[in-house]
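Here the structure is laid out as structure tokens; the discussion comes afterwards.
Only the coordinates and a few stated rules stand behind these numbers; no lab work does. Note that the structure is a prediction, hence the values are computed from the model and not measured. Cβ placement follows ideal geometry from the backbone for every residue including glycine, while neighbour counts extend to all protein chains displayed.
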Amino acid sequence: MTETKITRKFRVYRHLYHVNNAFQYLEHNLETLLTNELLERDDVEVWRNRLGELQAEINKNLTGRLHQQEAGETRRLGEIVEKWEERELAGAAVRVRGRKSARKGR
């Protein structure tokens, strides 16, 4: 079965969600370790900051690439929609002229 662009796009965004969810999971576990006095508060703050920095770097990279892909899709699909709209407008103009001609013939 061939994967559609929509299915692929959905999978990519879902994986981005999972990556970000993993960072939340890590932060939650750091908090649990702190609560159980297995880590010092200062250490947890350092690790949180490192995780936040890493998450931001990953998101910046991935969303930049996603933005490029979406911009390409917008350009590609925009041309298709524009041609369709032009055909529809031309067809509507022909129908209007036909109705006007029919009224004049009465």
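Close amide H pairs (under 5 Å, H built 1.01 Å from N) link residue 39 with 34, residues at least 5 positions away or on another chain.
Checking the cross-link filter: which lysines have an alpha carbon closer than 26 Å to that of residue 5, excluding same-chain neighbours under 8 positions apart? Here the lysines satisfying the reach criterion relative to residue 5 are 60, 83.
Helix 5-35 versus the longest principal axis of the chain: what is the Cα-based angle in degrees, 0 to 90, to the nearest 10? The two axes meet at around 20 degrees.
Evaluated with a Cβ-only charge set (Lys, Arg +1; Asp, Glu -1), the chain carries a dipole of roughly 2080 debye about its Cα centre, given to the nearest 20. Relative to the dominant Cα principal axis of the chain, helix 41-104 is inclined by about 10°. In the elastic network of the chain, a GNM with C-alpha springs shorter than 10 Å, the most mobile of 48, 11, 87 is 87.
Of the residues 56, 22, 93, the one that moves most in a GNM of the chain with alpha-carbon contacts below 10 Å is 93.
Taken over the Cα atoms of the chain, the convex hull encloses 181 Å³ per residue.
Under a Gaussian network description of the chain, with springs only between Cα atoms under 10 Å, the residue in 78, 52, 64 that fluctuates furthest is 78.
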